[in-house]
Amino acid sequence: MIDRNELHAMKTAARFDEFGNTRFPTMAKRAVELGLEPADSIKSEGMSCFARTNLGPTYTSHETFLRSPFCEDIHKVSEYDVAVVGIPYDSGASNRSGTRLGPAGIRHASSQISPFNPDYGVDLYENIKLCDAGDIYTLPANAEKTFDQITKGIGYIFSQGVTPIVLGGDHSTTFPTLRGISKYIDGNIGVIHIDRHSDCDAIQMDEKMHGTEWYHSTHLPNLSAKNLVQIGIGGNCCKSWSKFTRDSGCTAISMEDIDKYGIDKVAELALDIAWKGCKAVYVSLDIDVLEAAFCPGTGTPDFGGMLPRELLRLLKLVTAPGICGMDVVEVSPPFDVSEITSLAASRCIINVLCNLALNKSLYKH
Ligand SMILES: [Mn+2]
């Protein structure tokens, strides 16, 4: 019979105290110093609001967007105009997962792109003070605590006078993002939502999944459905979509409308509705609005969506007057091919930032 105490594993375990335990408390303290205390609902030691040191989740990205400076100490984020921030969370995905790796995928793809953009004649390194604020520390097992982290983190960036550009993550993250931003806007906020799907159920699989963010966002005190414009809608939408669109007062624009009226007229209508009575407008881009051939790496690909140049033209027109923030969600690198989808997301963000620089329309507050 083997002597239990002679087992290698048991001997090693018995030496636990000899290993010392100074590294974890030091790193935990530094994580909170640099990345804020976590949301009040989180009790575990060593967790912070922004994932700092290497105590964050393993899928947190350490590469920066467009190789911009990493704002490790989040208290210094106010030194920048724009902060790119990742939300590696995909527990709201009802179909294919993998968007927790979206921020890492988009950052990696963006590192191949030049900060100089000949389409706009703008060099982002020269024209915008851009940083990467790293990722929000997300909790895959708990949506509400993750949402609290997102609301606190994105709200903090916005409260420091910085425009947040959010890398998703699945689309459920947009609700806590808007909850964070909207409370710092003294007035109403409008939204231009570009997506193949309307995501407007109150509840999905009994939870706030990635098909529910517009129901909850339009119940925020200063965000009315009357200022919500959804562009690209069609394909694989739930039946409940028609009820929300009919009853809430939001405006849905389908691919057929885009074919009929063209991108320029659609953008004009979207701006008119989103800005009506509002102090600021937010843009939420679900990458699955692109025809599936151009975005294989996403949770719910759909056939018959926008072509890349239609999407770039739409973004150019709707972001020209300025935005208070933007997200690009639903990039799922495990399903991607040759980084097509991550590259599409990177290009959309870079073009929008160049557009803000060109029009001098960065959000001021
Ligand atoms: Mn969506």
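The values are calculated or read from the model by the stated rules, or taken from the named source; none is laboratory data. Quick caveat: nothing in here was measured; it's all calculated off a predicted structure. No Cβ is skipped: glycine too gets one built from the backbone with ideal geometry, and neighbour counts run over all protein chains shown.
Any residue in segment 226-248 that's farther than 19 Å from Ile273 by Cβ and at pLDDT below 90: show its pairings with residues that are in a helix (DSSP H, G or I) and of a type in the set (A, V, I, L, M, F, W, C) at Cβ separation under 9 Å, as long as the two are six or more apart or on different chains.
Gly235/Met255
Criterion first (more than 24 Å from Thr212 (Cβ to Cβ) and assigned to a loop (DSSP other than H, G, I, E, B)) does Tyr120 satisfy it?
yes
Starting from residues that are in contact with a helix residue (DSSP H, G or I) (Cβ under 6 Å, 6 or more places away or on another chain) and not polar (S, T, N, Q), keep the ones in segment 232-256 and report whichever is nearest to Ile189 (Cα to Cα).
Let us first name the residues in segment 232-256 that are in contact with a helix residue (DSSP H, G or I) (Cβ under 6 Å, 6 or more places away or on another chain), namely 232, 234, 248-253.
This time we only want the ones that are not polar (S, T, N, Q), so: 232, 234, 249-250, 252-253.
Details: Gly232: 21, Gly234: 25, Gly249: 15, Cys250: 13, Ala252: 18, Ile253: 20 Å.
Only one residue tops the list, namely Cys250.
Condition test on Asp302, is it within 16 Å of the ligand (Cβ to nearest atom) and over 15 Å from Val352 (Cβ atoms)? Reasoning before the result, please.
Details: within 16 Å of the ligand (Cβ to nearest atom): yes; over 15 Å from Val352 (Cβ atoms): yes.
So Asp302 fits the description; yes.
Which one of these is more than 16 Å from Gln160 (Cβ to Cβ), small (Gly, Ala, Ser) and surrounded by 16 or more Cβ atoms within 10 Å (Cβ to Cβ): Gly35, Gly92, Gly20?
Working: Gly35 fails: more than 16 Å from Gln160 (Cβ to Cβ); Gly20 fails: surrounded by 16 or more Cβ atoms within 10 Å (Cβ to Cβ).
Of Gly35, Gly92, Gly20, the one residue that is more than 16 Å from Gln160 (Cβ to Cβ), small (Gly, Ala, Ser) and surrounded by 16 or more Cβ atoms within 10 Å (Cβ to Cβ) is Gly92.
What number of residues within segment 38-48 are surrounded by fewer than 23 Cβ atoms within 10 Å (Cβ to Cβ), touching a residue at least 60 places away in the same chain (Cβ under 8 Å) and touching a Phe, Trp or Tyr at 6+ places or on another chain (Cβ under 8 Å)?
1
Go through (1) touching a helix residue (DSSP H, G or I) at 6+ places or on another chain (Cβ under 7 Å); (2) away from the ligand (no atom under 13 Å from the Cβ) and name the single condition Ser198 misses.
Here Ser198 meets the rest and fails (2).
So Val166 fits all but one of (1) in a loop (DSSP other than H, G, I, E, B); (2) under 25 Å from Asn54 (Cβ atoms); (3) in contact with an Asp or Glu (Cβ under 7 Å, 6 or more places away or on another chain); what number is the exception?
Checking Val166 against (1) in a loop (DSSP other than H, G, I, E, B); (2) under 25 Å from Asn54 (Cβ atoms); (3) in contact with an Asp or Glu (Cβ under 7 Å, 6 or more places away or on another chain), the one that fails is (1).
Looking at Tyr184, is it farther than 21 Å from Ser110 by Cβ, buried (at least 24 other Cβ atoms within 10 Å of the Cβ) and more than 15 Å from the ligand (Cβ to nearest atom)?
no
Looking only at segment 221-237, filter to residues that are away from the ligand (no atom under 11 Å from the Cβ) and not in a loop (DSSP other than H, G, I, E, B); which one of those is surrounded by the fewest Cβ atoms within 10 Å (Cβ to Cβ)?
Lys226
Of all residues in segment 259-270, count the ones that are farther than 18 Å from Val191 by Cβ and in a helix (DSSP H, G or I).
Matching residues across segment 259-270 total 6.
Go through segment 28-58 and count every residue that is out of contact with any strand residue (DSSP E or B) (no Cβ under 9 Å at 6 or more places or on another chain) and modelled with pLDDT under 85.
Within segment 28-58, residues that are out of contact with any strand residue (DSSP E or B) (no Cβ under 9 Å at 6 or more places or on another chain) and modelled with pLDDT under 85 number 5.
So Arg107 fits all but one of (1) closer than 23 Å to Gln160 by Cβ; (2) assigned to a loop (DSSP other than H, G, I, E, B); what number is the exception?
(2)
When the residues of segment 169-181 are narrowed to those that are out of contact with any Ser or Thr (no Cβ under 6 Å at 6 or more places or on another chain) and within 16 Å of the ligand (Cβ to nearest atom), which ends up farthest from Ala39 (Cα to Cα)?
If we take residues in segment 169-181 being out of contact with any Ser or Thr (no Cβ under 6 Å at 6 or more places or on another chain) and within 16 Å of the ligand (Cβ to nearest atom), then His171 is farthest from Ala39 (Cα to Cα).
Please go through (1) of a type outside the set (S, T, N, Q); (2) out of contact with any Cys (no Cβ under 6 Å at 6 or more places or on another chain); (3) surrounded by fewer than 17 Cβ atoms within 10 Å (Cβ to Cβ) for Arg107 and return the number of the only condition it doesn't satisfy.
(3) is the only condition that Arg107 fails.
Could you tell me how many of the residues in segment 305-356 are more than 16 Å from the ligand (Cβ to nearest atom) and assigned to a loop (DSSP other than H, G, I, E, B)?
Of the residues in that region, 10 qualify.
Within segment 123-147, which residues are part of a loop (DSSP other than H, G, I, E, B) and of a type in the set (Val, Ile, Thr)? Even if it seems obvious, please write down each step before you answer.
Of the residues in segment 123-147, the ones part of a loop (DSSP other than H, G, I, E, B) are 128-129, 137-142.
The answer is Ile128, Thr138.
Yes/no per residue for (1) more than 24 Å from Met306 (Cα to Cα); (2) in a loop (DSSP other than H, G, I, E, B); (3) within 15 Å of the ligand (Cβ to nearest atom):
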site: His210; (1), (2), (3): no, yes, yes
site: His219; (1), (2), (3): yes, yes, no
site: Ser242; (1), (2), (3): no, no, no
site: Asp272; (1), (2), (3): no, no, no
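It is to be established whether one or more residues within segment 17-26 are modelled with pLDDT of 85 or more and either under 30 Å from Pro333 (Cα atoms) or not charged (D, E, K, R) (or both).
Kept after step one, since they are modelled with pLDDT of 85 or more, are these residues of segment 17-26: 25-26.
Filter once more, keeping what is either under 30 Å from Pro333 (Cα atoms) or not charged (D, E, K, R) (or both): 25-26.
Scanning segment 17-26, I find at least one residue that is modelled with pLDDT of 85 or more and either under 30 Å from Pro333 (Cα atoms) or not charged (D, E, K, R) (or both), so the answer is yes.
Suppose we filter Val283, Val289 for residues that are away from the ligand (no atom under 12 Å from the Cβ) and crowded, with 18+ Cβ neighbours inside 10 Å; which single one remains?
Val283
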